[in-house]
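To start, the structure itself, in structure tokens.
The values are calculated or read from the model by the stated rules, or taken from the named source; none is laboratory data. Since the structure is predicted, the reported quantities are computational estimates derived from the model, not experimental observations. Because the Cβ atoms are built from the backbone with ideal geometry, glycine has one as well, and the counts that use them run over all protein chains shown. With ligands, DNA and RNA removed, areas are computed over all heavy atoms of the protein, side chains included. Shrake-Rupley method; radii C 1.70, N 1.55, O 1.52, S 1.80 Å.
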Amino acid sequence: MGHRITNKVSIGGDNSGDITQTGIAGDVASLLALIDRLAAEVRGQDLPKQEVLADTLTDLAADLRAGDAAEPAVVRSRWEKVKGLLGGVVQFSELVAKISDQVQKIFG
């Protein structure tokens, strides 16, 4: 189950101004920035299955850019694949942990 967004709406009286929402969108933008950073850092490295890793990170970033159209199960699956590919690479462990926290927080 993902995050639920609940907004209090006043039915009576006058409401004016823009309705804005913060929270999930900001979290997704932050996660996307981390994914882009990881993609940049692994680019050019001599890692096992480098091409698969790059393709999966590209697909994951595209999912996040799709916003509400992103399927949580697909995002989690792609992230698990990336984690598996980077499992033994210590230099990315801190970034992988940050991304894992964000994915869990946003997509459950």
Could you tally the net charge around G88, taking each other residue with its Cβ under 14 Å from the Cβ of G88, Lys/Arg +1 and Asp/Glu -1?
-> +1
Under the Karplus relation 6.51 cos²θ - 1.76 cosθ + 1.60, θ = phi - 60°, what is the ordered set of whole-Hz ³J(HN,Hα) values for region 84-96, x standing for Gly and Pro?
-> x, 5, 9, x, x, 9, 5, 5, 10, 4, 5, 5, 4
Ignoring ligands, DNA and RNA, what percent of the accessible area of region 27-108 is carbon or sulfur (1.4 Å)?
-> 50
Sites L95 and A66 - FRET efficiency at Förster radius 30 Å, r taken between beta-carbons, to 0.05 | 0.85
